[in-house]
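What follows is a single structure, written as structure tokens, with notes after it.
Bear in mind these aren't lab numbers, they're just calculated from the coordinates by the rules spelled out. As the structure is a computational prediction, the values presented were derived from the model and not from experiment. Counting neighbours? That spans all protein chains shown, and the Cβs are built from the backbone with ideal geometry, glycine included.
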Amino acid sequence: MDWQPGNMSDDVEDRRSDSGGGGGGFNLGGGGGLGIVGFLVLLVISLITGRNFLGAFFNGSSGPSVQQTAPRQTGLNSDPSASPAEDRSAHLISFVLDDAQATWTKIFAADGKQYRHAKLVLYRGTTYSGCGTAQSQTGPFYCPQDEKIYIDLGFWDELRRLGGDDSDFAQAYVIAHELGHHVQKLLGIETTVQRLMRQQPAERSPLSVDLELQADCFAGVWAHSTEQRKIVDQADIAHALKAAAAVGDDHIQRMEGRAISPESFTHGTSAQRQHWLEAGLQNGTINACKTFNSSLEP
């Protein structure tokens, strides 16, 4: 993949140096919890600074949720614990985000639409999001409420464990997939799918799969642009397809020693994910990404 590290994007928020470490729930009492005094101190600091210092002590299953909007921090934090490889990955993500958003801006403009930039948050362990507490265990995700992508760079270790790799374009595919969900939000697809899920609960799983496969296809639309501009070659694309296969529902269930259970799928099989990534790559258009059953078309 042809790229060079450079300045960090204004659309990246680097929270790695101030992310929480995850773990236990909120506790006003003793026994190792935060404690009422500590809670009040952190609450006052959070209100004064506008930063959510309580976020690391909430896990969504216990205690109230304190949502504070932090000042947007852009650029690469000077974090002494960050390895050169991790900082390089942060620069790669920044490049991919800017390049993909420039591509989508042109695609939207050609159709008479205006593209609105998403933001991307780098964090470690735990942080806050418009969709609740973000934790590294959940993997990369897009939050439609605040229009931000969240990623803990430790996910690349999990991707390797699943049989993928952390090559440049494999990482790029993951970011482009999550940005695909932002495109769905802007096109009204995400909102329509959420409504259909409420109206037809029995279709929740297939609708989720179709939504995720379309995000794979949208990642391919961007990949098509990079291939046209000689940023990637066939070897890079092979790495992305390998990553797509590694995060297929059937492959993950098999890796975990579970029986393959299609009714529990949320993202699609390895073959489906590769197919739709290739569909976007080969055609380079939104129209190539019609993953939804015709009766459930958003």
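With N as its number of residues, the range 195-298 has a Cα radius of gyration that, divided by 2.2 N^0.38 Å, comes to 1.14. The protection proxy used here, the mean number of other Cβ atoms lying within 10 Å of each residue, ranks peptides 147-157, 193-203 as follows, highest first: 147-157, 193-203. Ordering A243, V209, T192 by Cα displacement along the dipole of the range 191-251 toward the positive end leaves T192 in first place; charges were set at the Cβ atoms of Lys, Arg (+1) and Asp, Glu (-1).
With N denoting the number of residues in the range 112-211, provide Rg(C-alpha) divided by 2.2 N^0.38 Å, to two decimal places.
Ratio of Rg to 2.2 N^0.38 Å for the range 112-211: 1.16.
What FRET efficiency comes out for D165 versus T138 if R0 is 30 angstrom and r is the Cβ-Cβ distance? Round to the nearest 0.05.
For D165 and T138, the calculated efficiency is 0.90.
Put simply, the Cα atoms of the range 206-263 extend 42, 24, 9 Å along their principal axes, the longest span coming first.
Let a ≥ b ≥ c be the square roots of the eigenvalues of the Cα gyration tensor of the range 159-248; is it rounded (a/c under 1.5), or, if not, prolate (a/b larger than b/c) or oblate? Here the range 159-248 falls in the oblate category.
Only Cα pairs under 8 Å and 6+ residues apart enter the sum, and on that basis the relative contact order of the range 151-245 stands at 47 percent. In terms of packing, defined here as the mean over residues of other Cβ atoms within 10 angstrom, the peptides 133-145, 162-174, 252-264, 213-225 line up highest first as 213-225, 162-174, 133-145, 252-264.
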